[in-house]
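The values are calculated or read from the model by the stated rules, or taken from the named source; none is laboratory data. What you are looking at is a predicted structure, and each value in this text was computed from that prediction instead of being measured. Cβ placement follows ideal geometry from the backbone for every residue including glycine, while neighbour counts extend to all protein chains displayed. Quick note on the areas: whole protein, heavy atoms, side chains included, nothing else; ligands and nucleic acids left out. Shrake-Rupley method; radii C 1.70, N 1.55, O 1.52, S 1.80 Å.
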Amino acid sequence: MDSIERFLKEICEAPGVSGYEQPVAQLIKAGMRDYADEVREDRLGNLIFFKKGTGENRPRILLAAHMDEIGFMITKIEENGFLRFAPVGGIDPRTIVGQEVLIYAKERLHGVIGAKPPHVTSDEERNKAYELEEMFIDVALPEERVRKLVSVGDIVIIKREVIKLAGSTVSGKAMDDRAGVAVLLVCLQELARLQHCADVYAVATVQEEVGVRGATTATYGIVPDIGVAVDVTHGDMPGVPEHETCRLGKGPGITIGPNIHPTLGEELIRVAKEYNIPYQLETAARPTGTDARAIQVSRGGIPAGLVSIPLRYMHTSVELLDLADVKMSGRLLAYFVAAVDMAFVEGLSCC
Amino acid sequence: MLLKKLSEAYGVSGDEGNVRSLLRTELQDYAEELTTDSIGNLYVKKGLGKKPRVMLAAHMDEVGLMVVGFEKSGLLRVTAVGGLDHRVLVSKPVVVGNNHVPGVIGAKAIHLQKPQERKKPLEIDNLYIDLGVQSQEEAEKLVKIGDYVAFRSSVNEIGENCLLGKAFDDRAGCAVLAEVMKADFDLELTGVFTVQEEVGLRGAGVAAFNVHPEAALVFEATSAADVAGTKEAGHVTQIGQGPAITIMDSSFITPQYMIDLAVKTAEKLGIPYQFRRLTTAGTDAGQISQTHEGIPSLVISIPCRYIHSPATLINLDDYQNTIRLAKGILKAIEEGGLPCEGTA
Amino acid sequence: MKELLKKLSETYGPSGREDEIARVIREEIQDYVDEVFLDKMGNLFAVKKGTGTKVMVAAHMDEIGVIITYIDKNGFLRFSNIGGVSPFIMLGQRVVFANGTVGTIGMEKLDDIKKLTLDKLYLDIGAKDREEAAKLVKIGDIAVSQRQLVFAGDRAIGKAMDNRAGCAVLIQAMRELGDTNNEVYAVFTTQEELGLRGARTSSYRVNPDLGLAVDVTLVGDTPEAPPMSVELGKGAAIKVKDNSVICHPKVKEMLTKIAEEHQIPYQFEVLTAGGTDAGAIHLTREGIPSGVISIPCRYVHTPGEMVDMDDMESAVKLLKTFLTQPIEMDKIYPCAL
């Protein structure tokens, strides 16, 4: 297992549900701090790795990958100690029945997501998908003990270790977007040996899954000249048109469309071609559901770019991707950063 | 005629360059300063240093399509940019990409459709753009993934003083703004031709942040549903009845003092006006009014039938009256200041 | 506080037209603060000066209502909603305009009541024709429920508890606020029901170190309610999350600690629908750590909204204690790593 794989495994397995990113933030800080000149955290918890550029007139580049993951929150303790819960971020309720979960209560509890079993349901009921309100978490403890340990608002995640699959593919929870954070690490590692004029702010952002909130405030605070978001995109699968997905292992997706500054899109493509990094073109006809959405309209407008890692089964606990794509994305970003100077930045507002 | 040129220019959200250069050429002799920003807004400034500072805005972008894939046969797969009614797409001529390659939107001929198929609207997934090529290779020589697709239609005068053409939403507003910027006022005026309104008011907030005005006027085109089969209660606006003043939409509720300013001005100058009688949809004012400490805004619209289609209809009296009303409001601000007393 | 709540509840003040409710609140609070002013969005600021941490507390003063879109030739009025208005709740309502004009809401003939939508409803102000109606009401005028506040024991029933209950709590806390170093901006915000709009611009202006909102929240203690733990009469609710904000864990912790130490009844709240002003405040500028004190409220967005006076008292105590104590921002951010 190489260092990137180990880093990704470690951060994917850690809890870090939107708004409660502290545990994963600590691991990210530990794994990346050696490659930055300065690490700081802003008021909402965005983790900012600053790497200084060379030269007098330095553009500021923001690279954003969100570290939060979707998860759940306890909403009510029922009689007999069953726990009701609500999603944090977008979840397909059908994918969570029968999942083992961890509840971050006064102590960490192990539970299972249950629902009325099939034997006591009618045929009609069985043909309907379970809804979230019908489900509950069972921690197999007496009510009194549950009430002592668990509070409304406690965080829940699906218990899942990263699984290594064929070739360089891996599967697990929270690959969206810890894989993007791993891309930031690869990028910083590459930058350690490249000359770059620009100051780099690599940010593990918070609360993307609940509405790109961390990127909104991080961009405002950093005031970058350019912002590139790193996120995941839908991988190829049967039943989905080819042009709506990216193939796993074939390199990062580079997005073009209204959300993306045309020159930034072109430049990412140019860099990919120059350094023989395979890439896949992605179109977004409307604002993307990524940090780039917030970056573009921060303050007086920030040119935004988007690099994506192909991933299957998004927002489930078996998100699957190819590590080769993570590494290629990191290299692409590093070479992109190395090519940016003030003249390039100045050219972005003259259209 | 500027309005005709603007309407016929291609400028789908995110690809407003043609419209921007047209406006730049039109206004360069009138502006003290002409700039753009990174998202593509065009700023035209006059009366620098005067008070108060007022921003005027109209969006350059129009709804359209984007190329997302190729069929082996050379047909193009597309997706919508902005709020298109997919039912109006079929059988329309279009242009694709920077070179404006002509094409048509095709679908299975009615002869080949089963009776039940014929009742269903044609979804965008079942529509293709045909460039007349024989293969994907040929198509790729002409256009590329991510290319914007705009309706192709020319402007014509029809009926009694009406204009038929595409994209009056919001090129009619752009034309109003351009005409207003040609006049002189004792105010610091920044006319902003904004981008990406149709994909979520993306340009206007950025512009308002940069300009930081004390008040803003937005020129729009808004639905006129004064057509057969619609009850009067659902007309929203009627063409020929004068500029429409917005009271409320999904993005914005107009401060009473701004409504009063518009109404008083219209009445004083004898300009017909109407209220926009719908509370949904949004305009750039939604973003502008929420920028910085809050910017009092006003939306004045030209009523427009068949909005977001390749053939939209406006009345030229409404257009002229919108220009008159806009100038009258600026004159009123010049004379009496901004109408937000008692606030800090 | 009962009297204050009644006065606030019965005052007219739909989103975008808050001048009257702002005037009433100003009268109630101006003697207790150092400065009071209005901004262009209609937000009312009441400031207690200080040299310590700058805290903004927002309570929205707007209420839901209906806006007139059309007057027909027989003098009936058609309307659209201001904020979350259910056609089923509006049916049979008596409403009132800013100028005192009252009316009752009727519906077109429908074969199935399930098909009821707002555009099937109309407002009858007793006018004989369009001309007579137009003398009383113009297109764009806004009406709100007409309803007197009553007390059923210690529980108040009335319109616009969302969020005049929050306004009452904030006014009362400012009145009772003792000595504090903190600089407190009590902001009575506008247009919350239309998307937290007044809070967005006012918090940009104030640029506080920390933000709080005081608002009502839904409950899960009524027959066949969806699973939610908040109950009426069980104390002030400390919000963990809703659709607009995940409260800063440290702010939530500070509120909890104060409630525990001062034996103020409290409960945690996870709301799966809706948002509040903290949603806008916490995303202001570089981000502002924010929390919410909620007042449990039954039948939200009906003219019979119900709150418990003990919960209101708990909320006042929690808010006032929080604002009085020194707030050490370095304990909030950067979060210890």
| field | Complete set of residues in the range C:242-255 that are at the interface with chain A (Cβ under 9 Å from one of its Cβ atoms) and touching a strand residue (DSSP E or B) at 6+ places or on another chain (Cβ under 7 Å) | value | C:VAL245, C:CYS247, C:HIS248, C:LYS252
| request: Just give me the residues in the range C:26-39 being within 14 Å of another protein chain (Cβ to nearest Cβ) and touching a Leu at 6+ places or on another chain (Cβ under 9 Å), in sequence order. | output: C:ARG26, C:VAL36, C:PHE37, C:LEU38
| query | Among the residues of the range C:40-58, how many are open to solvent by less than 40 Å² (accessible area, probe 1.4 Å) and either within 13 Å of chain B (Cβ to nearest Cβ) or small (Gly, Ala, Ser) (or both)? | reply | 10
| query | Quick one: would you say C:ASN74 is open to solvent by 50 Å² or more (accessible area, probe 1.4 Å), within 30 Å of C:ILE25 (Cα to Cα), of a type outside the set (A, V, I, L, M) and within 14 Å of another protein chain (Cβ to nearest Cβ)? | reply | no
| Selection from the range A:15-24 of residues that are of a type outside the set (A, V, I, L, M, F, W, C), touching a strand residue (DSSP E or B) at 6+ places or on another chain (Cβ under 9 Å) and within 10 Å of another protein chain (Cβ to nearest Cβ) | A:SER18, A:GLY19, A:TYR20, A:GLU21
| note | Scanning the range B:154-176 for residues that are under 26 Å from B:LEU23 (Cα atoms), outside any helix (DSSP H, G or I) and of a type in the set (Gly, Ala, Ser) gives B:SER154, B:GLY165, B:ALA167
| message | What's the number of the only condition in (1) surrounded by fewer than 24 Cβ atoms within 10 Å (Cβ to Cβ); (2) in contact with an Asp or Glu (Cβ under 7 Å, 6 or more places away or on another chain) that C:ASP162 fails to meet? | response | (1)
| field | Residue in the range A:25-40 that is surrounded by the most Cβ atoms within 10 Å (Cβ to Cβ), counting only those that are more than 8 Å from chain C (Cβ to nearest Cβ) and assigned to a helix (DSSP H, G or I) | value | A:ILE28
| said: Quick check on my filter: what residues within the range A:252-275 are surrounded by fewer than 21 Cβ atoms within 10 Å (Cβ to Cβ), more than 14 Å from chain B (Cβ to nearest Cβ) and in contact with a helix residue (DSSP H, G or I) (Cβ under 7 Å, 6 or more places away or on another chain)? | reply: A:TYR275
| message | Looking only at residues that are of a type in the set (Lys, Arg) and crowded, with 24+ Cβ neighbours inside 10 Å in the range B:150-192, which one is nearest to B:THR312 (Cα to Cα)? | response | B:LYS166
| Can you tell me which of B:VAL67, B:VAL63, B:VAL44 is in contact with a Leu (Cβ under 6 Å, 6 or more places away or on another chain), at pLDDT 95 or above and more than 14 Å from chain A (Cβ to nearest Cβ)? | B:VAL44
| query | Regarding C:ARG205, is this residue in the same structural domain as C:LYS317 (by TED's automatic domain parsing), open to solvent by 50 Å² or more (accessible area, probe 1.4 Å), modelled with pLDDT of 95 or more and under 24 Å from C:ILE295 (Cα atoms)? | reply | no
| field | Complete set of residues in the range B:128-153 that are in a helix (DSSP H, G or I), closer than 22 Å to B:GLY14 by Cα and acidic (Asp, Glu) | value | B:GLU140
| Quick one: would you say C:THR284 is facing another protein chain (nearest Cβ under 7 Å) and polar (S, T, N, Q)? | no
| field | Residue under evaluation A:PRO278, criteria (1) surrounded by 24 or more Cβ atoms within 10 Å (Cβ to Cβ); (2) farther than 22 Å from B:VAL149 by Cβ, criterion not met | value | (1)
| task | Return the total of residues in the range C:315-337 being over 30 Å from A:VAL223 (Cβ atoms), in contact with a helix residue (DSSP H, G or I) (Cβ under 8 Å, 6 or more places away or on another chain) and either outside the structural domain of C:SER229 (by TED's automatic domain parsing) or not in a loop (DSSP other than H, G, I, E, B) (or both). | result | 8
| Enumeration of residues in the range A:82-128 that are modelled with pLDDT under 90 and part of a loop (DSSP other than H, G, I, E, B) | A:ALA115, A:LYS116, A:PRO117, A:THR121, A:SER122, A:ASN127, A:LYS128
| What residue, of B:ILE288, B:ILE314, is closer than 17 Å to B:MET55 by Cβ, open to solvent by less than 10 Å² (accessible area, probe 1.4 Å) and at pLDDT 95 or above? | B:ILE288
